[in-house]
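J.: I have a structure here, written as structure tokens, and I will follow up with some questions on it.
All of the numbers you see were taken from the coordinates with simple rules; none came from a lab. The shown structure was predicted, so the numbers you read here are calculated from the model rather than taken from an experiment. Glycine also receives a Cβ, built like all others from the backbone with ideal geometry; neighbour counts cover every protein chain displayed.
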Amino acid sequence: MRKLLSLSVALLVVVCLSACGTANAASTPSAEEPAPITFPKIEHHPEPADYGRGALDALPPRNLDRSSPLDVDLRGYDVSGLDLRESLDSLLYASHDSRTVWPPRDRMPEGFDPQALLEMGKNPGLGVRELHKRGITGRGVGIAIIDSGIQIEHQEYVDRLRLYEEIALTPDENAGMHGAAVASIAVGKTVGVAPEADLYYIASRNFDRDKDAGRIELNYAYYAQAVRRILEINAQLPEGRKIRVISISVGWRHGQRGYEEMTAAVDEAKKAGMLVVSSCIDEVHGFKFHALGRVPLSDPDAFESYLPAMWWESDLYENEEHPSDRLLVPSGSRTTASPNGADEYAFYRQGGWSWAIPYIAGVYALAAQVEPEITPERFWALAMKTGRTIEVAHDGKEFSLGPIVDPAALIEALQGD
């Protein structure tokens with residue numbers, strides 16, 4: 001989801017296209033051999049974020065702009081002084097975290113337990129944890145992520161982190177919420193789809209700031225450099241421990257700075273056999289996906305718990321546009337690692353493509369563990385074929401929703417071939 005990505009501002013420019021002449025020159029890999037890497041390699045330890053936001057004297061009104069990733073945002077707030085007994089409707093659309101301070105139970109809606117919601121939201125759902133019990137965890141498969149800086153020590157992914165490097169970030173930049181979320185969705189110990197996959201993480205910005213004009217301009221040359229760095233890293237990895245998928249929770253468009261460089265770099269990754277999951281996956285691989293929401297109190301493992309994400313539900317319910325050519329992937333009502341502390345979490349009521357992208361990367365890691373020779377094309381075809389379609393009711397009408405990714409059926413298909 002493009003609008004969810006919010007990288008911190010950085011002043012140190014590592015890449016400078018103007019110093020390299022043309023865009024083509026900037027995209028030419030160096031002829032020098034990259035320096036050998038000793039794994040794990042951790043280049044920097046960003047400080048935790050601090051989302052302590054004080055006390056509220058009233059619950060925020062619902063944000064009905066469906067393009068916004070946050071509705072009732074209670075992360076880091078103290079709402080202990082409020083009487084929320086009549087606020088269940090709003091609370092069921094709330095995002096909150098480990099630092100949200102709640103009222104005592106006698107001033108909370110009956111049956112609403114934010115800690116239980118947070119724990120339920122850790123479950124990747126759709127039977128993924130049953131696959132983990134069978135040893136299908138992504139072990140031996142590398143996932144690379146390009147996103148904001150992360151708190152290295154978070155318990156969800158600290159044991160899986162094989163490499164952390166930064167491009168164009170300032171040394172004093174704190175960890176970001178977006179990076180912590182996508183890393184934990186992909187490989188988190190309790191949150192992740194592939195909890196034993198290897199994580200190679202490049203923290204980068206994707207913009208330049210014009211201080212004089214007071215604005216920022218997207219620039220994907222930095223991400224292009226990150227993709228090529230991933231290819232360099234992969235060349236040093238032994239067989240059986242290669243990076244198989246790159247997760248980039250953003251998209252790049254014609255006319256944006258660095259578009260040509262990014263397109264060329266991603267094409268190199270594709271030619272190297274990697275699946276590159278991003279908001280541009282249709283442009284890169286010809287695949288399509290969409291994000292699913294889930295009512296917070298519903299079972300994450302039950303396919304019937306899922307609905308179209310709030311920001312596109314009108315396409316289905318009002319326009320009756322059924323995206324049957326898209327793989328549908330969970331993203332809403334998800335708990336992820338928080339950047340505030342090594343053992344802290346955040347619950348996001350509404351997800352988007354940003355949360356769906358690392359989910360897909362995690363499922364690909366599971367598939368690559370089972371069938372090491374799998375290709376992106378075979379994976380996607382099987383995911384579409386084995387996906388499940390359900391019927392959802394809205395205003396007295398039934399709508400088909402699918403194919404929803406079915407990780408267990410996908411793995412069974414691979415094992416049966």
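J.: Which ³J(HN,Hα) values in Hz, rounded to whole numbers, follow from the phi angles of the range 140-152 under the Karplus curve 6.51 cos²θ - 1.76 cosθ + 1.60, where θ = phi - 60° and Gly and Pro get x?
T.: Result, rounded to whole Hz: x, 10, x, 10, 9, 10, 10, 6, 6, x, 10, 7, 4.
J.: Taking the number of other C-beta atoms within 10 Å as the exposure measure, put ARG99, ARG326, ARG85 in order starting with the fewest. Intermediate results must be reported in sequence, preceding the final value.
T.: Details: ARG99 20, ARG326 17, ARG85 13.
Arranged by neighbour count, lowest to highest, ARG99, ARG326, ARG85 become ARG85, ARG326, ARG99.
J.: Whole Å is fine, so just give me how far the alpha carbon centre of the range 239-285 lies from that of the range 70-125.
T.: About 37 Å separates the Cα centre of the range 239-285 from the one of the range 70-125.
J.: Next question. Which of ALA393, ALA367, ALA180 moves the most in a Gaussian network model of the chain with Cα springs under 10 Å?
T.: In this elastic network of the chain, the residue with the biggest mean-square fluctuation among ALA393, ALA367, ALA180 is ALA393.
J.: Amide H neighbours of TYR164 under 5 Å, counting only residues 5+ apart in sequence or on other chains, H built in-plane at 1.01 Å?
T.: The answer is LYS41, ILE42, GLU43, TYR201.
J.: Dipole of the chain (Lys/Arg Cβ +1, Asp/Glu Cβ -1, origin at the Cα centre): which of LEU237, LEU327, ALA203 lies farthest to the positive side?
T.: LEU237
J.: So what is the calculated 222 nm ellipticity per residue for the chain, using -39500 (n - 2.57) for each DSSP H run with n of 4 or more, over all residues, to the nearest 500 deg cm²/dmol?
T.: On the way: 12 runs with 109 residues, N = 417.
Using -39500 (n - 2.57) per qualifying helix, the result is -7500 deg cm²/dmol.
J.: With +1 on each Lys and Arg Cβ and -1 on each Asp and Glu Cβ, and nothing else charged, work out how big the dipole of the range 340-410 is about its Cα centre, in Debye to the nearest 20. If you can, show how the numbers build up before the last one.
T.: On the way: 5 positive and 9 negative charges, 31 e Å.
Charge dipole, the range 340-410, about its Cα centre: 160 debye, nearest 20.
J.: Residue separation times 0.36 nm, minus the C-alpha to C-alpha distance between ASP299 and GLN155: what's the value?
T.: On the way: separation 144, 0.36 × 144 = 51.84 nm, distance 2.47 nm.
The span from ASP299 to GLN155 would gain 49.4 nm if fully extended.
J.: Comparing GLY352, GLY81, GLY402, which has the greatest mean-square fluctuation in the GNM of the chain with Cα pairs linked when under 10 Å apart?
T.: Maximum among the listed residues: GLY81.
J.: While we're on this one: Just to confirm my numbers, what's the Cα centroid distance between the range 299-331 and the range 151-188 in Å?
T.: Between the Cα centres of the range 299-331 and the range 151-188 lies a distance of 29 Å.
J.: Considering only DSSP beta bridges whose two residues both sit in the range 185-332, what percent are antiparallel, to the nearest 5?
T.: Taking every DSSP beta bridge with both residues in the range 185-332, the antiparallel ones total about 45 percent.
J.: In addition: How far is it, in nm, from the label point at ASN319 to the one at GLU391 when both lie 7 Å from their Cα along the line to the Cβ?
T.: Each label point lies 7 Å from its Cα, and together they span 2.5 nm.
J.: Note down the magnitude of the dipole of the range 291-417 about its Cα centre, charges +1 on Lys and Arg C-beta and -1 on Asp and Glu C-beta and zero elsewhere, to the nearest 20 debye.
T.: Working: 8 positive and 20 negative charges, 51 e Å.
Dipole about the Cα centre, nearest 20: 240 debye.
J.: Check HIS394: other-chain or 5+ apart residues with amide H under 5 Å from its amide H, H built from backbone geometry?
T.: Correct list: PHE399.
J.: Sticking with this one: In whole angstrom, how far apart do the alpha carbon centroids of the range 373-417 and the range 192-211 sit?
T.: Measuring centre to centre over Cα atoms gives 28 Å.
J.: Pop a pseudo-label 7 angstrom from the Cα along the beta-carbon direction at both ALA235 and ARG139 and give the gap in nm to one decimal.
T.: 3.1
J.: Under a 10 Å cutoff between Cα atoms, tell me which one of PRO60, PRO238, PRO46 has the largest fluctuation in the Gaussian network model of the chain.
T.: Top of the fluctuation ranking is PRO238.
J.: Sticking to Cα atoms, compute the Rg of the chain to one decimal and its Dmax as the biggest Cα-Cα distance, whole number, in Å.
T.: According to the Cα coordinates of the chain, Rg and Dmax are 21.0, 67 Å.
J.: Between the DSSP loop rule and a limit of at most 16 other Cβ atoms within 10 Å, which GluC sites (Glu not before Pro) in the range 221-297 are left? Intermediate results must be reported in sequence, preceding the final value.
T.: Values: sites: GLU232, GLU239, GLU260, GLU261, GLU268, GLU283; in loops: GLU239.
When the GluC sites (Glu not before Pro) of the range 221-297 are filtered for loop state and at most 16 Cβ neighbours within 10 Å, GLU239 remain.
J.: Evaluate the charge dipole of the range 76-128 about its Cα centre and quote only its size in Debye, nearest 20, assuming +1 on the Cβ of each Lys and Arg and -1 on the Cβ of each Asp and Glu. All intermediate terms of the calculation are to be shown ahead of the outcome.
T.: Working: 5 positive and 9 negative charges, 34 e Å.
So the magnitude is around 160 debye.
J.: Show me the GluC sites (Glu not before Pro) within the range 102-175 that DSSP assigns to loop and that have at most 11 other Cβ atoms within 10 Å of their Cβ.
T.: Values: sites: GLU110, GLU119, GLU130, GLU153, GLU156, GLU165, GLU166, GLU173; in loops: GLU110, GLU153, GLU156, GLU173.
Those satisfying the criteria are GLU110.
J.: Of ILE136, THR170, SER148, which is farthest towards the positive pole of the range 130-183's charge dipole, taken about the Cα centre with +1 and -1 on the beta-carbons of Lys, Arg and Asp, Glu respectively?
T.: Final value for the positive-end residue is ILE136.
J.: Select from ALA356, ALA269, VAL250 the residue farthest towards the positive end of the dipole of the chain; place +1 on Cβ of Lys and Arg, -1 on Cβ of Asp and Glu, and compute about the Cα centre.
T.: Farthest towards the positive end: ALA269.
J.: Looking only at the chain, where both bridge partners belong to it, what percent of the DSSP beta bridges are antiparallel (to the nearest 5)?
T.: Values: 19 of 51 bridges.
Around 35 percent of the beta bridges assigned by DSSP in the chain are antiparallel ones.
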